[in-house]
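Notes follow the structure.
The values are calculated or read from the model by the stated rules, or taken from the named source; none is laboratory data. Computed from a predicted model, the values in this text were never measured in an experiment. All Cβ positions, glycine included, derive from the backbone under ideal geometry; neighbour counts span all protein chains shown. Each accessible area value is taken on the protein alone, full model and side chains, heavy atoms only, with ligands, DNA and RNA left out. Shrake-Rupley method; radii C 1.70, N 1.55, O 1.52, S 1.80 Å.
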Amino acid sequence: MKKLLFPVSVLALVISVFSLGWSVFSKPDLVYVDVNKLMEGYKRSKVEREKFNRKATALKANVDSLATDWQKELKKYEKERASMSKKELELQQELLASKQQQVNNYQQAIQRQIREEDQKMTQTVINDINDYVKEYGKKKGYRIIFGASGGGNIMYAADAADLTEEVLDGLNAEYGR
């Protein structure tokens, strides 16, 4: 009985060491990427954000210019209204009100355009990231790659399950080509 106990205990030790070693060196079953870090670190995000900011600044400058012109006309009207006839006053007030409405409408249209452009730019970058992660997962043999966005959908994960830096490096390398 004692002779049998030694080989069984050695076998049990070998099996436990092998299974421990296997779990340490095998890739995790569940992995994730931090979507916010990918969005921040992806070079295309930065390039697209800079293009968007330049365009938004130019559009806002157009609105500001129109508003400034309207304010100049209003000040001119306020200086000259004492010398205007009743008919001229009414006409000038209608004209100023109409121009103010045009400036307001234009401003709202520009704000809507800026929001739409921002959403389109963001979606383009997200699509790039999603496409890359999908191909990365297929190539590396992952069944699922979760996306953590800081909203509490992944509260804890072991460091080995975080593919963010590896994916970000590959994503930026592919964008640089």
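Figures for the structure shown
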{"item": "Flag for residue 88 being part of a helix (DSSP H, G or I), open to solvent by 50 Å² or more (accessible area, probe 1.4 Å) and touching a helix residue (DSSP H, G or I) at 6+ places or on another chain (Cβ under 8 Å)", "result": "no"}
{"item": "Residue pairs meeting the criteria (Cβ under 7 Å; at least 6 apart or on separate chains; first in contact (Cβ under 8 Å) with a residue 40 or more places away in the chain and open to solvent by less than 60 Å² (accessible area, probe 1.4 Å), in region 112-123; second assigned to a helix (DSSP H, G or I) and of a type in the set (A, V, I, L, M))", "result": "114/56; 114/59"}
{"item": "Residues that are exposed (fewer than 14 other Cβ atoms within 10 Å of the Cβ) and hydrophobic (A, V, I, L, M, F, W, C), drawn from region 91-111", "result": "91, 95, 97, 109"}
{"item": "Single condition residue 172 does not satisfy, out of (1) part of a loop (DSSP other than H, G, I, E, B); (2) under 14 Å from residue 41 (Cα atoms)", "result": "(1)"}
{"item": "Residue identified as over 18 Å from the mean Cα position of the chain (by Cα) and under 26 Å from residue 35 (Cα atoms) among 114, 154, 126", "result": "154"}
{"item": "Scan of region 58-79 for residues that are surrounded by 12 or more Cβ atoms within 10 Å (Cβ to Cβ) and farther than 16 Å from residue 99 by Cβ, ordered by number", "result": "59, 60"}
{"item": "Members of region 124-138 that are closer than 17 Å to residue 165 by Cα and open to solvent by 50 Å² or more (accessible area, probe 1.4 Å)", "result": "126, 130, 131, 134, 135"}
